[in-house]
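Single-structure report; data block below.
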Amino acid sequence: MTACTVIGLGEAGATYAAALTAAGHKVTGFDPVAPSTPAGVARAATAAEACEGADVVLVLTGAAAARSVAQECLPVLPAGSCYADFTSSSPGVMRELGQLPSKANFADVAILGPVSALGEKTPLMVSGPGAQAVAELLTPLGVEIEIAEGEPGAAMAHKLLRSVLMKGLASVIVEAVQAGRAAGLEEWIRAQIAGQLAGDGQAVIDRFLTGTVKHAVRRSKEMQDTASYLSDLGVPAEMTSASATALARMAQETAPALR
């Protein structure tokens with residue numbers, strides 16, 4: 001049995017606290033505003049109190065609280081314990097927190113999926129001296145964990161790079177489907193999206209990398225026209241307009257090389 005502390009008992013924190021309790025671990029939680037506490041979790045009056053004697057601390061607050069929570073909790077943790085920051089703090093902040101004076105081993109934990117849908121089994125990436133302790137605690141819960149080489153911040157750097165793709169792709173798909181619906185062509189555009197997402201992914205990446213720059217001038221104009229069409233349909237065109245701007249920049253950057 002591991003003595004675990006969960007700081008932040010919102011949706012994600014409560015999910016991990018409940019799963020750890022169900023797995024037979026002793027769990028103490030702290031949250032200044034959460035209205036309820038998962039069954040079997042002891043709720044402390046302060047974050048520092050919750051961390052006293054803990055083997056592993058999981059911090060699932062908002063990123064804005066990461067520094068203050070670390071400054072309160074790290075000094076009270078025993079030697080050899082693990083402090084795992086699950087917040088969405090930047091790689092630079094994670095490196096900074098990992099250098100704060102403490103006897104605990106710091107771990108930077110990146111959540112690679114929606115906890116609301118996948119629960120405690122949401123895939124994680126972990127980096128820093130405490131990475132192995134996090135893996136040993138959570139892998140038995142059915143969590144797929146990848147340990148990233150490097151100092152604290154390495155896991156979050158991977159997550160943010162992934163976000164460029166996943167959040168951008170999601171926004172593009174939402175915009176495309178909304179436009180298709182407005183034009184009476186939703187099923188057709190859905191089939192187009194599905195076709196692009198299937199097949200040889202590496203070949204698609206290479207095609208995008210070479211073709212986008214090569215045809216940037218023409219495609220920028222096409223996306224400007226597309227943005228106008230979406231405006232006519234009454235559909236927001238933020239992603240389309242951003243693509244037009246990015247393509248125009250690429251065209252300008254490559255123009256000297258083509259002269």
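Quick look at the numbers
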{"read-out": "Filter pass, GLY62 being in contact (Cβ under 8 Å) with a residue 24 or more places away in the chain, closer than 30 Å to PRO91 by Cβ and surrounded by fewer than 15 Cβ atoms within 10 Å (Cβ to Cβ)", "value": "yes"}
{"read-out": "Tally of residues being buried (at least 20 other Cβ atoms within 10 Å of the Cβ) and under 13 Å from the mean Cα position of the chain (by Cα) across region 104-121", "value": "3"}
{"read-out": "Test: residue in region 17-33 that is among the hydroxyl-bearing types (Ser, Thr, Tyr) and within 22 Å of GLU149 (Cβ to Cβ)", "value": "no"}
{"read-out": "Conditions (1) more than 20 Å from LYS167 (Cα to Cα); (2) open to solvent by 40 Å² or more (accessible area, probe 1.4 Å); (3) in a helix (DSSP H, G or I); (4) out of contact with any Ser or Thr (no Cβ under 8 Å at 6 or more places or on another chain); number of the one not met by GLY199", "value": "(3)"}
{"read-out": "Filter result for ASP200 (out of contact with any Phe, Trp or Tyr (no Cβ under 8 Å at 6 or more places or on another chain), under 30 Å from GLU146 (Cβ atoms) and of a type in the set (Asp, Glu))", "value": "yes"}
{"read-out": "Identity of the residue in region 7-59, of a type outside the set (A, V, I, L, M), part of a helix (DSSP H, G or I) and open to solvent by 40 Å² or more (accessible area, probe 1.4 Å), that ends up farthest from PHE106 (Cα to Cα)", "value": "GLU11"}
{"read-out": "Selection count where residues are over 20 Å from the mean Cα position of the chain (by Cα), open to solvent by 40 Å² or more (accessible area, probe 1.4 Å) and over 17 Å from GLY10 (Cβ atoms), scope region 65-79", "value": "6"}
{"read-out": "Region 154-171 residues that are farther than 21 Å from PRO129 by Cα and in contact (Cβ under 8 Å) with a residue 24 or more places away in the chain, paired with ones that are surrounded by 13 or more Cβ atoms within 10 Å (Cβ to Cβ) and of a type outside the set (Ser, Thr, Tyr) (beta carbon under 7 Å, 6 or more apart)", "value": "ARG162/LEU112; SER171/MET239"}
{"read-out": "Residues located in region 85-103, provided they are out of contact with any Phe, Trp or Tyr (no Cβ under 9 Å at 6 or more places or on another chain), under 14 Å from ALA157 (Cβ atoms) and surrounded by 20 or more Cβ atoms within 10 Å (Cβ to Cβ)", "value": "SER89, PRO91, VAL93, ARG95"}
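The values are calculated or read from the model by the stated rules, or taken from the named source; none is laboratory data. As the structure is a computational prediction, the values presented were derived from the model and not from experiment. Reconstructed Cβ throughout: ideal geometry from the backbone, glycine too, with neighbour counts over all protein chains shown. The area values use the complete protein model at the heavy-atom level, side chains included, leaving out ligands, DNA and RNA. Shrake-Rupley method; radii C 1.70, N 1.55, O 1.52, S 1.80 Å.
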